[in-house]
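Q: Below is one structure. I have some questions about it.
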Amino acid sequence: MTFVTLERQPESSLSVPGEPQGETVAAPDKQWTHVAEFSLPSEPGNEMQAMQMVATAVQELDLPAVSLERLKTAVAEATMNAMEHGNHYQEDLPVEIVVRRSDDALAVLITDQGGSQVIPEPETPNLEAKLEGKQSPRGWGLFLIKNMVDEMNIYIGDSEHGGTHHTVELIIKTKG
Amino acid sequence: MAQPIFEAKVRLAGQRAIIDMFGEINAFADGDLNAAYSEAQAKGDADILLNFASVDYINSTGIALIVGLLAKARQARRDLLVCGLSDHYLEIFQITRLADFMKIYPDEQSALQAA
């Protein structure tokens, strides 16, 4: 599992949702093929739709059931984070999702539309502290995502809606 | 707006309360799940079995709700048992270390037999 945060990459070096072809910063040596893209309003519960849409889009890849379930959880959590922390559940701010594939990997890019807040590095939650009431029981999202995919990258750039956008790139290996 | 799709029902098996959960455990499940836990704690006087056999989705907020139930159970000195998790959610219970604090059984029958 690799976790990389890249801040303020120039737009030209990022393939943001809406540009279906191209290469990502994370794996410039790979040739990515566009599979699908979606846009969803930031409404509570829409992460389920995101999860189902990605699952349908990757159906032809015939992923093992374990990988598919992990991908679905990672997509749902990343979409929920984008809606809640990036877009603050403003329905008019969409979450954009792009699915790409290469010879040996699948990438899902999830982009919010605002917020200068830096996404924290995922930490292992302290379950004992949560059970003792010393910490909030919440705070599992990034940790779950990190454990569900082979690689997670975060890009920060300027949003066309003003402010900053975050793109979370989830990569799972489809070979090896 | 997505509709909440969760239900929790409490029943007794001997002195043990069983919470049967249905649907999706996410933020929408908060009220019903905690109400079911309170009912289970009041009804039974042994450990409490959470039955996930009819649960098809748990997100990070759902994990937080289960952490909250576990905290309540520990405070009340009651064990929380778990059954009916799919392989995927069993993996998540292991990754989150919930499995270190809850006895996990494949199904209700094995949970009741073991206790």
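The values are calculated or read from the model by the stated rules, or taken from the named source; none is laboratory data. Since this is a predicted model, take the numbers as computed values, not measurements. Glycine gets a Cβ as well: all are built from the backbone with ideal geometry, and neighbour counts include every protein chain shown. To get the accessible areas, we keep the full protein, side chains included, count just its heavy atoms, and leave off ligands, DNA and RNA. Shrake-Rupley method; radii C 1.70, N 1.55, O 1.52, S 1.80 Å.
Q: Please note which helices (runs of 4 or more DSSP H) are completely contained in the range B:27-115 and include at least 2 residues that are among the hydroxyl-bearing types (S, T, Y) and over 24 Å from A:E77 (Cα atoms).
A: Counting at least 2 such residues, we get B:30-43.
Q: Kindly list the number of the only condition in (1) within 18 Å of A:M53 (Cβ to Cβ); (2) among the charged types (D, E, K, R); (3) open to solvent by 10 Å² or more (accessible area, probe 1.4 Å) that fails for A:E84.
A: The single condition A:E84 does not satisfy is (1).
Q: Right, something else. Do any residues in the range B:56-74 that are more than 7 Å from chain A (Cβ to nearest Cβ) and within 16 Å of B:R97 (Cβ to Cβ) have Cβ atoms under 6 Å from those of residues that are crowded, with 20+ Cβ neighbours inside 10 Å and hydroxyl-bearing (S, T, Y), where the two are at least six apart or on different chains, and which pairs are they?
A: Between residues of the range B:56-74 that are more than 7 Å from chain A (Cβ to nearest Cβ) and within 16 Å of B:R97 (Cβ to Cβ) and residues that are crowded, with 20+ Cβ neighbours inside 10 Å and hydroxyl-bearing (S, T, Y), the close pairs are B:I58/B:Y89; B:L69/B:Y37.
Q: Could you please give the count of residues in the range B:56-78 that are open to solvent by 20 Å² or more (accessible area, probe 1.4 Å) and under 11 Å from the mean Cα position of the chain (by Cα)?
A: 2
Q: For the range A:93-152, name all the residues that are open to solvent by 20 Å² or more (accessible area, probe 1.4 Å) and small (G, A, S).
A: Correct list: A:G115, A:S116, A:G133, A:S136, A:G139.
Q: Something else now. Those residues that are basic (K, R) and more than 10 Å from chain B (Cβ to nearest Cβ), I need them from the range A:117-176; list them, please.
A: Matches in the range A:117-176: A:K134, A:K173, A:K175.
Q: Keeping to the range A:39-55, report how many residues are touching a residue at least 40 places away in the same chain (Cβ under 8 Å) and either more than 8 Å from every other protein chain (Cβ to nearest Cβ) or part of a helix (DSSP H, G or I) (or both).
A: 8
Q: Looking only at residues in the range B:88-104 that are among the β-branched types (V, I, T) and within 13 Å of B:I66 (Cβ to Cβ), which one is farthest from the other protein chains (Cβ to nearest Cβ)?
A: Going through the qualifying residues, I end up with B:I104.
Q: Here is a follow-up. Go through (1) among the acidic types (D, E); (2) over 16 Å from the mean Cα position of the chain (by Cα); (3) farther than 18 Å from B:A27 by Cα for A:E43 and report which single condition fails.
A: With respect to (1) among the acidic types (D, E); (2) over 16 Å from the mean Cα position of the chain (by Cα); (3) farther than 18 Å from B:A27 by Cα, A:E43 is out only on (3).
Residue-by-condition table, conditions (1) of a type outside the set (S, T, Y); (2) farther than 24 Å from A:W140 by Cβ; (3) within 14 Å of chain A (Cβ to nearest Cβ); (4) open to solvent by less than 20 Å² (accessible area, probe 1.4 Å):
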| site | (1), (2), (3), (4) |
| --- | --- |
| B:V10 | yes, yes, no, no |
| B:G14 | yes, yes, no, no |
| B:I18 | yes, yes, no, yes |
| B:I25 | yes, no, yes, yes |
| B:F28 | yes, no, yes, no |
| B:L33 | yes, no, yes, yes |
| B:L50 | yes, no, no, yes |
| B:S54 | no, no, no, no |
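Q: Same structure again: Go through the range A:45-81 and give me each residue that's of a type in the set (G, A, S) and open to solvent by less than 40 Å² (accessible area, probe 1.4 Å).
A: Those that are of a type in the set (G, A, S) and open to solvent by less than 40 Å² (accessible area, probe 1.4 Å): A:G45, A:A50, A:A55, A:A57, A:S67, A:A74, A:A76, A:A78.
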